[in-house]
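As C-alpha cells, the structure follows; a few thoughts come after it.
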Amino acid sequence: MDELSVTLDYLLSIPSEKCKARGFTVIVDGRKSQWNVVKTVVLMLQNVVPAEVSLVCVVKPDEFWDKKVTHFCFWKEKDRLGFEVILVSANKLTRYIEPCQLTEDFGGSLTYDHMDWLNKRLVFEKFTKESTSLLDELALINNGSDKGNQQEKERSVDLNFLPSVDPETVLQTGHELLSELQQRRFNGSDGGVSWSPMDDELLAQPQVMKLLDSLREQYTRYQEVCRQRSKRTQLEEIQQKVMQVVNWLEGPGSEQLRAQWGIGDSIRASQALQQKHEEIESQHSEWFAVYVELNHQIAALLNAGDEEDLVELKSLQQQLSDVCYRQASQLEFRQNLLQAALEFHGVAQDLSQQLDGLLGMLCVDVAPADGASIQQTLKLLEEKLKSVDVGLQGLREKGQGLLDQISNQASWAYGKDVTIENKENVDHIQGVMEDMQLRKQRCEDMVDVRRLKMLQMVQLFKCEEDAAQAVEWLSELLDALLKTHIRLGDDAQETKVLLEKHRKFVDVAQSTYDYGRQLLQATVVLCQSLRCTSRSSGDTLPRLNRVWKQFTIASEERVHRLEMAIAFHSNAEKILQDCPEEPEAINDEEQFDEIEAVGKSLLDRLTVPVVYPDGTEQYFGSPSDMASTAEHIRDRMKLVSLKRQQLSHPEMVTTES
C-alpha cells in the first residue's frame with residue numbers, strides 16, 4: 001500500500017494545476033481481484049487524492065460480488081469519501097468515459113505503450129533535473145560575472161566557473177526529446193485519433209521548450225563570460241610574458257652586453273670575443289622568438305577590435321617593440337664592432353708579416369751573381385715596400401673606422417661610463433698603428449741604404465763588365481792587327497798611308513786601354529765603398545795589361561816594318577827613277593848596298609814572329625800573305641840590282657837589250 005501511495009503521489013505531480021482542477025476519473029480494474037482489495041484501494045484514494053478525484057469506476061468481474069454489500073457500502077460512504085464510486089462492467093465504461101480516453105483493454109481507442117511512456121518520462125525527468133541544475137549553475141556564474149569590481153568578478157567566476165554537466169550535452173538531450181515529442185504528436189494527428197489537451201501537458205512538451213529556451217539564453221551568456229574571461233586570461237598571460245621578455249632584456253641581457261666592451265688585442269682574441277658574443281646572441285634569439293610570437297598574438301587581439309583593451313594592448317606592444325629593437329640594435333652594434341676589430345687585427349697581422357718579410361730580406365747580405373739579379377732583387381724590394389705602404393694605408397683606414405665606432409659606444413651604454421674601457425681600446429688601436437708606422441719607417445730607411453748599395457753594386461758590375469768588354473775589344477784590335485794589318489805597300493806613298501792608318505789604329509787601341517783602366521779604377525773605388533772584393537777586376541787588370549803589352553809589341557813591330565818599308569821604297573824609287581841631273585848620286589855604290597841591306601833586313605823581319613813577354617810567338621798574317629809581301633820586295637830588289645848593273649856596265653845592258 002505504501003508503494004501504491006507513492007506511485008499515486010508521483011502520478012498526481014505530473015499534470016498541471018489547471019488539469020488537476022478538472023478532476024480525475026479513476027478506473028479500478030477489479031476483474032481479477034477480491035472485493036476487499038478493491039475496497040482498500042478505493043478507500044486509499046480518499047487518503048491520497050480525495051480532492052482531485054471526481055469519479056471512481058470499479059470494473060467488476062463477470063462473477064460479481066455480493067451486490068447488496070458493495071452497493072450499500074459505497075453508497076453509504078459517498079459523502080465521507082468525497083467522490084462517487086460506481087461499479088461498471090468493462091463493456092459499459094464508454095458510458096462514463098470517452099473511448100479515446102480508454103485503452104483497448106477497456107474497449108477504447110487510446111494507443112498507449114507503457115514502456116515507451118516510461119522511457120520518455122525518464123528522459124524528460126533526467127533532462128529536467130540536469131537542465132534545472134545547470135540553469136542554476138549558469139545563472140550563478142553569469143550573475144557573478146556581472147557583480148562588483150574586477151577582483152570580485154574574477155573571484156566569483158573562478159569559484160563557479162565550470163558547470164557540473166556539459167551544457168552542450170544537456171541541450172542535445174533536450175532537442176532530441178523535443179523532436180520526439182513533436183514527432184509523436186504529428187503522427188498521432190495523422191492517424192485520425194483525437195488528442196486531448198491533457199496529452200501536451202502530460203508529455204511535457206511546453207516544459208521542454210521552456211527549459212531549452214532558458215538554457216540557450218543562459219548558455220549564450222555563459223559563453224560570452226567564458227570568452228571574456230579567456231580574453232582577459234590571454235591578455236594577462238601576454239602581459240606576463242611581455243614583462244618577462246622586457247625584464248630579461250633590460251636585466252641579464254643588458255648586463256651581458258655591459259660586460260662585453262673589449263675588442264681584443266689580436267685575431268685570436270677578437271675571434272674569442274665574437275664566439276662569446278654569438279653565445280649572447282643565441283640567448284637573445286630565444287627571447288626574440290618569444291617577442292615575435294607575442295607580437296602576433298597582440299596583433300590578433302588588436303584586430304578583434306575590443307575598445308576596452310586597445311590602449312593596454314598598444315602600450316604593451318610599443319613597450320615590447322622598443323625594448324627588443326633597442327637590444328637588437330645593441331647586439332648588431334657590438335657584432336659590427338667586433339667584426340671591424342677582427343678586420344683591423346687581420347690587416348695588422350698581414351702588415352706585420354710583410355714587414356717581417358721585408359726586414360728579413362734586408363738583413364740578408366746581398367750576394368748576387370750579376371747586375372741582372374741585382375736589378376731583379378731591387379725590383380722585388382721596391383714591390384715589397386709598395387705593398388707595405390698599401391697595407392699601412394689599409395690599416396689606417398680600418399683603424400679610423402674602428403675608432404669612429406668606438407666613439408659611438410656611449411650611445412648604448414645604459415648610462416655606464418665607458419670612457420676608461422674606450423680609452424684602453426683607443427690606446428691599443430693607436431699603439432698598433434704607431435708601431436706599424438715606426439716599423440715601416442725603419443724598413444724604409446734600411447731600404448734606402450740597401451737601394452744605394454745595390455745601385456753601387458749594379459754600377460760595380462757594369463764597370464767590371466765594361467772593363468772586360470774593353471779587354472775583349474783590345475784583344476780584337478790585336479787580332480785584327482796581326483791578321484789584317486800585314487801589307488807593307490807597293491811604294492813609299494802607300495806605305496806612308498798605311499803607317500798613318502796604323503797610328504790612328506794605335507790611338508783607338510790606346511783609348512780602349514785607357515777606358516778599361518778607368519773602369520777598373522772605378523771598381524776599386526766601388527769595392528772600397530761596398531767593403532767587398534770584386535769578383536772580376538782581380539783578373540781583368542792583368543788581362544788588360546797583358547793584351548795591351550802584346551798589342552804594344554805587335555804595334556811597334558808593325559811600325560818598324562812600315563818604317564823599313566818606307567826607307568826601302570823611298571831609296572829604291574830614287575834609284576829606279578831616271579835622274580840625269582844627279583848622276584853622282586845614282587852612281588854611289590853605297591846607296592845600292594844600303595837598299596840591298598834594308599831589303600834583306602825587311603825580308604828577314606817578315607820571317608821573324610812577334611815574341612810576347614810570356615814567350616809566346618805570333619806571326620803577322622798567314623804564310624801566303626807574308627810570301628806575297630816578300631815576293632814584292634824581292635821583285636823591287638831585283639829591279640834595283642838590275643839598275644845597278646845598268647849603271648855599272650852600260651855596254652852589257654845594251655847588248656842584252
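The values are calculated or read from the model by the stated rules, or taken from the named source; none is laboratory data. Remember, predicted model here, so these are calculated numbers, not experimental data. Cβ sites come from the backbone with ideal geometry, for glycine too, and all protein chains shown count toward neighbours. What goes into the accessible areas is simple: the full protein's heavy atoms, side chains included, and nothing from ligands, DNA or RNA. Shrake-Rupley method; radii C 1.70, N 1.55, O 1.52, S 1.80 Å.
Miscellaneous remarks
- Applying 1/(1 + (r/R0)^6) with R0 = 45 Å to the Cβ-Cβ distance of GLN228 and ASN336 gives a FRET efficiency near 0.40.
- Additional length obtainable on full extension of the chain from GLN183 to ARG396, 0.36 nm per residue less Cα span: 67.0 nm
- The label-point distance for GLN437 and THR111, in a model that sets each label 7 Å from Cα toward Cβ, rounds to 11.5 nm.
- Debye log10 I(q)/I(0) for the stretch 485-648, one point scatterer per Cα, at q = 0.10, 0.12 Å⁻¹: -0.52, -0.66
- Simple spin-label estimate for GLU556 and GLN493 in nanometres, 7 Å along Cα-Cβ: 3.3
- Residue-level accessible surface for CYS463, protein heavy atoms, 1.4 Å, Å²: 10
- FRET efficiency for the pair LEU455 and GLU500, taken as 1/(1 + (r/R0)^6) with r the Cβ-Cβ distance and R0 = 51 Å, rounds to 0.70.
- Counting only protein chain heavy atoms and rolling a 1.4 Å probe, the accessible areas of GLU343, GLU465 rank, largest first, as GLU465, GLU343.
- Inter-site label distance for CYS363 and LYS276 at 7 Å from Cα along Cβ, in nm: 3.4
- Across LEU316, LEU110, the residue with the most accessible area heads the list, and the full order at a 1.4 Å probe is LEU110, LEU316.
- Gain on full extension, evaluated as 0.36 nm per residue between GLN172 and MET44 minus their Cα-Cα distance, stands at 41.9 nm.
- Judged by the mean number of other Cβ atoms found within 10 Å, the most tightly packed of the peptides 111-124, 540-553, 595-608 leads the ranking 540-553, 595-608, 111-124.
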